[in-house]
Every structure is written in structure tokens, then in C-alpha cells.
Amino acid sequence: MQFLPGVGPRRAEAFERLGCSTLEQLVRHYPREWLDATRFVPIADLRPGGLLTVTGTIRHAAALRTRGGRGDLSVTIADATGTLHAYFFGQSFLARTLAPGARVVVSGEFDPIDRRMLNPLFEVVEGDLESLLHAGRLVPVYALTRGITARGLRSSMRAALAAVAEQMPDPIPADVAAAHGLAPLGESLLQLHFPATPEALARARRRLAFEELFLLQMVMELRRRALREEGVALALPPAPALVQQVRDGLPFTLTDDQTRVLAEIAADLAQPRPMHRLVVGDVGSGKTVVALLAAMQAVAAGRQAALLAPTEILARQHGATLQRLTTGTGAQVRVLTAATPAAERRALQAQLDAGEPLLLVGTHALLEDKVRMPGLALAIVDEQHRFGVRQRASLTAKSVLPHLLVLTATPIPRTLQLAWFGDLDLSVIRARPAGRGRLVTRVVDESKRPQVLAFLAGELAAGRQAYVVVPAVEESPRAELKAAETEAERLRAHPLMRPYQVGLLHGRLKPDAKQAVMAAFQAGELHVLVATTVVEVGVDVPNATVMLVENAERFGLTQLHQLRGRVGRGRHRSVCVFAASPEATAQGRERLAVMATTEDGFELAEADLRLRGPGELWGTRQSGLPRLVLADLLRDEALLIEAREAARGVVRLDPQLRAAEHTPLRGALQRDFSEALALALAG
Ligand code: ADP
Ligand code: MG
């Protein structure tokens, strides 16, 4: 960086704070936006509204003292048609640059009353107007840091581009660039920072966004390939008697979707290549039993299967359900959580070490290194959105290469699925089991609380149960606990609730206490369960018919959809009430209203993506993949698909990226994605 004119050790340090230690990194510091200051007018034609540019000569400049301030500067600019004032707040130091006689280009919004522009963009011009940086063009606007001004950064950027842009290795292979009509890297960087025209900017943005998506898809393709073509897994014979036996013992018949997805999984498991499959199915669509039957294929082959659940409650609930569904078949289902006593843990570890066939259900505790599963043939991760690539990898690292099945109730918009889960095959369960009662959604204001409680009491009187959910307060577990406690107290104190038991479930309870509360609710001893969302995922109590969500505007649509899925599981009609707090904005209420219009999780996920952006939905940070800067998963779906095709083509022809023309590509992947690639290869 210090090779740049005007950059010494101090400014180099400031640049480092922006993540720019080298010129190559600096030219990758893309503008946040561009100001369109390309409309040149004679001074006499200046009109208010919009950014206008004039060219003129400074006639007069006056530094003005201000009380306590750094002093303002007022200059008068003239062209052949008239004069204009420019006023610079707190920038009297500009007097040296903006001296009488200087020829300047000034861009700003015109104030007709004082005939002036406030703090306009400006540039002193010596020669022609071609080389303008700061005014009279599409002006790049960057994220800054202390010690680096907008003007300073633009000047450094131009010098850096001149020094390195043309020599930078282009990660996009020439044939890919040609096939997709992409300009060379150097030219694109120049045009992105200092675009000649809006069209040139659009082309440059597309080219560089393509590059981001292409690298991401390369990672996905290399992972896919590493697993599918180079990974060796144990082939588990399909359709063993045990699977049929468990299936025959189910208290229901599988839906068509369940049957189809199960067949897809069974076929994968029968291959000597590791399965890598994502099952997306709405809450209540019956993913657990599909996972169970898949696990039975492993157990029947004399192997071990593991089911990883995101919470203690869910792990125990799954354990109990699966034990019940396998009773009498001889298949072993065991549970391991942080709360499992040491002696039991040791006995279980001995069984695992001996390679006894069993299905082990557990929480994060399963991921610890000290839990060894040498016989692990199938790893199942429930509610994937709670786990990142990292955790997926540590589970699959427990044996040679187990098959991997990921279950999620969060429908993934197509672009996100391609972008971030492109290394997984996809199975979808759309239909919910028949014979369920109707599920009605209502959005109400807090002022309707009396009516809501009256309705709730009516349901309780009819023998049903209810959830009341308060929003999690992520920054403050204490505040969250308080909110839940307050809500429980408020309900207990209500005259209509007097005959009923109100339980409280939140993230700060000890596992045993949580389990006790949950068991009491499941057994019908508690009638109302007040809960924070941390414990909500996957809970299954068919007798619960009311879901009341307080301050519902604070939740994402997908999250609300998940909460809604807790009810409507039995044959009774269920009602889901989303109560907006008095502080909810009109926009927040509108968002809630979307919930009442559709029950389709995929539709809601698309809406959520639009309303909240991808990061909120699928914590990018934990995914182990880098952030997209220019590419936008909403707008750039077509580009993403192009990038994927391109990546597939490259990996098909040169899976090791050994060809000379792929050297820059390999370099870029190693530099930016080494972690994601290493994890992929590990798992
Ligand atoms: P999720 O997909 O949300 O994990 P679960 O697996 O918890 O859903 O299933 C929800 C409920 O539906 C459970 O009580 C389960 O026993 C029941 N269920 C699953 N499959 C069927 C089916 N084919 N017919 C009827 N009920 C089913
Ligand atoms: Mg589930």
C-alpha cells in the first residue's frame, strides 16, 4: 500500500482497518453506491431537485470564522451564463484548493433561494474533463474509516487500479468468460470503480457478481465431486426386513411424499458413495419417521446411525418416539445428551466401541470428540438451519464417510438452495398427513387480548392445550427470561385461567427441569405452556390447538410458520394467533398479514428472503462460506444458474484444476475458500 502516492505508514494502517493491506485487496474494495453527477448544465439553467453539475471559474473565495467550528468556506463560481455560490461547512481548509482563478467542476443540489449548493462534490480541473474523479461523473461512494476521506480513497483507488488491475490473475477461465460474455477482470474493475457510463457499470457489476457466484459454485461442485466420485461409503442393502417390520408397526400409513422421499434415500444408502441429501418438509409433514426408517436400513446392516437434534428436549422427544415406534423389533434406540449420567455414558460408549448396531439420538453432545462411533454408517441432522457446515462436518468425521441426511422444516428459496446448499441433493415433502384438523391463522392487536384469552379459555375448557410464545431476546437472556416469566404471571393471575395449570419453558432452565415441564405438558398436566422460541423446534403435542405468539412482529415469517406448525397436528381444529405489540410499525403489521394469506412454507420463505435478506434466514457466518458483496441472491438468480453451469463444466473437465488456464482459479479458491473446501473434503 505504501507504494501509493500520499500513503505513508499511518494511512496504510487505516487502509488495513478497511481490510486492504495490498493493492489487490484495495481494488476489491468495491463502491457501496455511485452518485450520478453526469448532468452538466450552464449555471443559468440550474434547477432544484437532483444532482446537477456545472463547470466554471472561481471568482471569489472567503473563509468564514464560525464559533467553535473549523471555519466554513464560501466560494463564488461563474460561467458564461451566471454565478453560483458553493458553501462548504467546516472546511475552510479548502481555501488553498478552491482559490480565485481555479477552474472547477462542481456537482450538487441547487438551492434557488440562496443560489447556492451546500457541500457539493468538486474537483479542480487543469486539462480536459476525461479524468474527473470526484465530480461530474458517476462518482463511487465507499465505506470509509477514520483517517481515510472519500476523496483520498478515490485517488488511491485510481492509482491502485493503474498499478495492478491489468496484471491481476483472472479466476474466470477464458472460455467461461467468452461463453458468458464477460469482460476481462482488469477492465471490469476499472469500470466498476470509475464507470464511463451506466451501461459500462452494469456490465462490470454483472461480471464481478458472476465471479463471486462462480467461485461459490466451484466450491459446491468440488464438494459434490469429492463426496460423490471420490468418497467411499458403506453400501447398505435396501429394503431389509427390519424396515418393513417397523413400517408395518406404525400407527399410520406413510403419505405418498414420505414414501417417495424414503425411496430416494434408500436408493442413495444402497450405493457405495456417501449420500449427501437434504430433506425439506414443512413442520408436521412427518420427517422423523422417514429418518427412522432410513436409520433402520443402517441398523439392519449391522451398523450405527446417529440422529442429531438441536435441543435437549427434541433429542429426548425423538428418543422416546423412536423407542416407541421400534418396540418389539429388536432395534436399539439410545439417547445421549449433556445430561446423560456418566455411568450410562460409559456403558453406551462400550456398546458403540464394540460396533453394536443401534440408533443413537442426541444433541451437540454427540459432536464431542470423546464420543466415538466407529460403526457410524448414517448421520442424520434434524432441523439443519440450527447447524452450520462445520457441525455437519464434525459429525461425519466420526467414521470413514457416513451417509449424511439433513432434515429441515425451513423451506429454502431456490436461489439460496443453489447458492449455499448446492452440495446437497434435495428431497421435498410437500403434503401433510391427512386427517388433520383445520388450521386457522389470525393476526390481532394487543388490544384484542381479552377476546383472545376468552377464546383460549374456551379451548382449554374443551380439553385442549395451548402454547403462548414470547420472542427470544438474543442480546439478553435475562430480558428474555423476564418476558417469559411476566407473561406466565400475567396468565396465572387472569380469572379465566384460574382452573388451569400454566407452565414455563425457557432457554435458561436446566435440561432436567426443561424435560420435566415438557413431559408435564405432553401428559396434559400443564394446560398452557409459556415458552421462548429457543425450545420450540420440533415439539409434537397433537392435543395443543392454540398457538398465541406475543409481539409477533419481532419474528421472521419462516419462524412464525414454524411456530404455527406446533398446532394443527391432531384431528381438532387449531387456531394460531399472532398478536402485534402496540409498538409494531405499519410495515410490521403488513408482514404479519402475509402469514394469514398463505400456509405454504416455500411462499413464506420467499417472502422472508425479500423482506429480511438471506443473512437473517440462514446465518451466513456459521455456514463457513464467504459473504456475497456484489451478487444478490434475489436479483441474480439467472446469473447464479449460469455460474453453476459454468462451474459444473470446469469441474467435469478438470476436477483437480490442474490445467494451466485454471491456475488463477485454483489460487482464488485456495485463498478465499480454503476452510469451506477443507471441510467439504473432510465431510
Ligand atoms: P416434522 O416433519 O415436523 O418433524 P414429525 O415427524 O414430528 O414432523 O411428525 C408430526 C406428527 O405427524 C407426528 O405426530 C407423527 O407421528 C405424525 N405423522 C407422521 N407421518 C404421518 C402419516 N403418514 N400419517 C399420519 N400422521 C403422521
Ligand atoms: Mg421434526
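The values are calculated or read from the model by the stated rules, or taken from the named source; none is laboratory data. The structure presented is a predicted model; accordingly, all values stated were derived computationally and were not measured. So basically every Cβ, Gly included, is an ideal-geometry build from the backbone, and we count neighbours across all protein chains shown.
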Picked from region 55-73 (must be modelled with pLDDT of 95 or more and polar (S, T, N, Q)), the residue surrounded by the most Cβ atoms within 10 Å (Cβ to Cβ) is THR55
Taking the options ARG247, ARG205, ARG223, name whichever one is more than 27 Å from LEU634 (Cα to Cα) and either within 32 Å of the chain's Cα centre (by Cα) or assigned to a helix (DSSP H, G or I) (or both). ARG247
Keeping to region 363-406, report how many residues are at pLDDT 90 or above and within 16 Å of ligand 1 (Cβ to nearest atom). 2
Out of all the residues in region 428-472, which are more than 16 Å from ligand 1 (Cβ to nearest atom), of a type outside the set (D, E, K, R) and within 33 Å of the chain's Cα centre (by Cα)? VAL440, THR441, VAL443, VAL444, ALA466, VAL468, VAL469, VAL470, PRO471, ALA472
Would you tally the residues in region 245-275 being within 16 Å of ligand 1 (Cβ to nearest atom) and among the polar types (S, T, N, Q)? 4
Only one of LEU213, LEU192 that is in contact with a helix residue (DSSP H, G or I) (Cβ under 6 Å, 6 or more places away or on another chain) and at pLDDT 95 or above: LEU192
Do we find a residue being assigned to a loop (DSSP other than H, G, I, E, B) and at positive phi anywhere in region 437-459? no
Name every residue in region 413-430 that is away from ligand 2 (no atom under 16 Å from the Cβ) and among the hydrophobic types (A, V, I, L, M, F, W, C), in order of residue number. LEU416, LEU418, ALA419, TRP420, PHE421, LEU424, LEU426
Do you know which residues across region 281-314 are within 13 Å of ligand 1 (Cβ to nearest atom), part of a helix (DSSP H, G or I) and either charged (D, E, K, R) or not assigned by TED's automatic domain parsing to the domain that holds GLN245 (or both)? LYS287
For region 74-90, which residues satisfy the criterion of being surrounded by fewer than 17 Cβ atoms within 10 Å (Cβ to Cβ) and either part of a loop (DSSP other than H, G, I, E, B) or hydrophobic (A, V, I, L, M, F, W, C) (or both)? ALA78, ALA80, THR81, PHE89, GLY90
Taking first residues from region 13-39 that are more than 17 Å from GLY152 (Cβ to Cβ) and in the same structural domain as GLY49 (by TED's automatic domain parsing) and second residues anywhere that are exposed (fewer than 13 other Cβ atoms within 10 Å of the Cβ) and aromatic (Phe, Trp, Tyr), the pairs with Cβ under 6 Å that are 6 or more apart or on different chains are none
From PRO120, PRO42, residue being of a type outside the set (Gly, Ala, Ser), under 30 Å from CYS20 (Cα atoms) and modelled with pLDDT of 95 or more: PRO120
Long-range neighbours under 6 Å by Cβ, at least six apart or interchain, first residue farther than 16 Å from ALA531 by Cβ and modelled with pLDDT of 90 or more within region 563-591, second of a type in the set (Ser, Thr, Tyr) and surrounded by 23 or more Cβ atoms within 10 Å (Cβ to Cβ): HIS572/THR545; SER574/THR545
Please go through region 462-484 and pick out each residue that is surrounded by 12 or more Cβ atoms within 10 Å (Cβ to Cβ), outside any strand (DSSP E or B) and at pLDDT 90 or above. ARG464
For region 109-123, how many residues are aliphatic (A, V, I, L, M) and over 19 Å from GLY90 (Cα atoms)? 1
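From the list LEU129, LEU118, LEU98, which residue is over 13 Å from VAL75 (Cβ atoms) and either of a type outside the set (Lys, Arg) or out of contact with any His (no Cβ under 8 Å at 6 or more places or on another chain) (or both)?
Checking each option against the conditions leaves just LEU129.
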Just need a number here: residues in region 106-158 that are within 36 Å of the chain's Cα centre (by Cα) and not in a loop (DSSP other than H, G, I, E, B). 13
If you check ALA37 against the conditions, is it at pLDDT 95 or above and under 30 Å from GLY186 (Cβ atoms)? yes
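Table: residues versus (1) in a loop (DSSP other than H, G, I, E, B); (2) touching a residue at least 40 places away in the same chain (Cβ under 8 Å); (3) outside the structural domain of TYR87 (by TED's automatic domain parsing).
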site: LEU161; (1), (2), (3): no, yes, yes
site: VAL164; (1), (2), (3): no, yes, yes
site: PRO169; (1), (2), (3): yes, yes, yes
site: ALA178; (1), (2), (3): no, no, yes
site: LEU189; (1), (2), (3): no, yes, yes
Log entry, pairs with first residue in region 485-501 being in the same structural domain as ARG464 (by TED's automatic domain parsing), second being in a loop (DSSP other than H, G, I, E, B) and loosely packed, with under 12 Cβ neighbours inside 10 Å, beta carbons closer than 7 Å, six or more apart or on different chains, reads GLN501/GLU525
Output for region 328-345, where each listed residue is surrounded by 12 or more Cβ atoms within 10 Å (Cβ to Cβ), without any contact (Cβ under 8 Å) to a residue 40 or more places away in the chain and in a loop (DSSP other than H, G, I, E, B): GLN332, THR340
In the set ARG146, ARG137, ARG116, ARG154, the lone residue that is in contact with a strand residue (DSSP E or B) (Cβ under 9 Å, 6 or more places away or on another chain) and touching a residue at least 60 places away in the same chain (Cβ under 8 Å) is ARG137
Breaking point among (1) part of a strand (DSSP E or B); (2) within 14 Å of ligand 1 (Cβ to nearest atom); (3) among the hydrophobic types (A, V, I, L, M, F, W, C), for LEU360: (2)
Please find, among LEU278, LEU348, the residue that is in contact (Cβ under 8 Å) with a residue 24 or more places away in the chain, in contact with a strand residue (DSSP E or B) (Cβ under 7 Å, 6 or more places away or on another chain) and either within 16 Å of ligand 1 (Cβ to nearest atom) or not in a loop (DSSP other than H, G, I, E, B) (or both). LEU278
Does region 569-594 hold any residues that are more than 16 Å from ligand 1 (Cβ to nearest atom) and among the charged types (D, E, K, R), and which are they? ARG573, GLU583, ARG589, GLU590, ARG591
